[in-house]
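Some notes on the structure that comes next.
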Amino acid sequence: MLGMGMTLTLDDLRGALSMPKEVLSGFVLQYSVMPLSGFLVSKLLNLPSHYAAGLILVGCCPGGTASNIVTYLARGNVALSVIMTAASTISAVIMTPFLTAKLAGKYVAVDASGLLISTLQVVLFPVLAGAFLNQYFQPIVKIVSPLMPPLAVATVAILCGNAISQSSSTILMSGGQVVLASSLLHASGFFFGYVLARMLGLDVSSSRTISIEVGMQNSVLGVVLATKHFGDPLTTVPCAVSSVLHSIFGSILAGIWRHTVPAEVKD
């Protein structure tokens, strides 16, 4: 989150103002398609309460920062991707605790105020700190920023590996169900993100971007929040599995789209 904040500039805000329809459409789809998909997939597969809560939590998280790279590879609108990731991340302070409490509250007890405080600590403060550093301490940022992506990757690997290893025996027994649930969650995000964006009248490049932003979640935030606020360690499993699957799905989609240039880009 600190590394992401270091990429934010005033130009990003100007960019958001220049394409309000795309940003608003992406925001609405981000916090409707994925939370509802998590809830419906949990119902469809009749998931145990701990897995259902974890899957819904993933669906209520903001877009993942890896989506920016995947958007670039897929010939999407990279500026829109960065703005959408920033917007969904900052608004996650309110949206993630609120939606998780509403949709997962029937499965497990959800401490909405605790989730709010943790999201402030894990998301908003680091992002604002990174943006502040980028604005006023650019020489330091130029030195530190190249180190942030590998550090972020290592952090993701450690957090998700830890979540899976702690519940390894249970995952081996019922892991297929979690993989299927996570696959359906992200597949629905990519599919409906694109289809609904096109139905709203957005161009192909922007629709690809929204599809990727909606389909790829900040699953590691889910791992952190689940570890801290849900008593059952199995709640973290869908979040950890999700971090792997959305990267695979996103990479495959980027590979397909990279070979089909949108008409507006050709023009």
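The values are calculated or read from the model by the stated rules, or taken from the named source; none is laboratory data. The structure displayed is predicted, hence computed values, not measured ones. Here Cβ is always computed from backbone atoms with ideal geometry, including for glycine, and neighbour counts include all displayed protein chains.
Observations, loosely collected:
Residue-by-condition table, conditions (1) without any contact (Cβ under 8 Å) to a residue 24 or more places away in the chain; (2) within 12 Å of the chain's Cα centre (by Cα); (3) assigned to a loop (DSSP other than H, G, I, E, B); (4) more than 17 Å from ASP203 (Cα to Cα):
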| site | (1), (2), (3), (4) |
| --- | --- |
| LYS21 | no, no, no, no |
| LEU29 | no, no, no, no |
| ALA53 | no, no, no, yes |
| VAL58 | no, yes, no, yes |
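- When region 60-94 is limited to residues that are in a helix (DSSP H, G or I), polar (S, T, N, Q) and touching a Ser or Thr at 6+ places or on another chain (Cβ under 7 Å), the one that is nearest to PRO126 (Cα to Cα) turns out to be THR85.
- Condition met for ALA74 (at pLDDT 80 or above, in contact with a Lys or Arg (Cβ under 7 Å, 6 or more places away or on another chain) and either hydrophobic (A, V, I, L, M, F, W, C) or under 27 Å from SER42 (Cβ atoms) (or both)): yes
- Qualifying helices (runs of 4 or more DSSP H) (wholly inside region 144-248; at least 1 residues being in contact with a Phe, Trp or Tyr (Cβ under 6 Å, 6 or more places away or on another chain)): 168-199, 204-215
Results for (1) of a type in the set (Gly, Ala, Ser); (2) touching a strand residue (DSSP E or B) at 6+ places or on another chain (Cβ under 8 Å); (3) surrounded by 24 or more Cβ atoms within 10 Å (Cβ to Cβ), shown as yes or no for each residue.
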position: LEU200; (1), (2), (3): no, no, no
position: ASP203; (1), (2), (3): no, no, no
position: THR209; (1), (2), (3): no, no, yes
position: ILE212; (1), (2), (3): no, no, yes
position: SER242; (1), (2), (3): yes, yes, yes
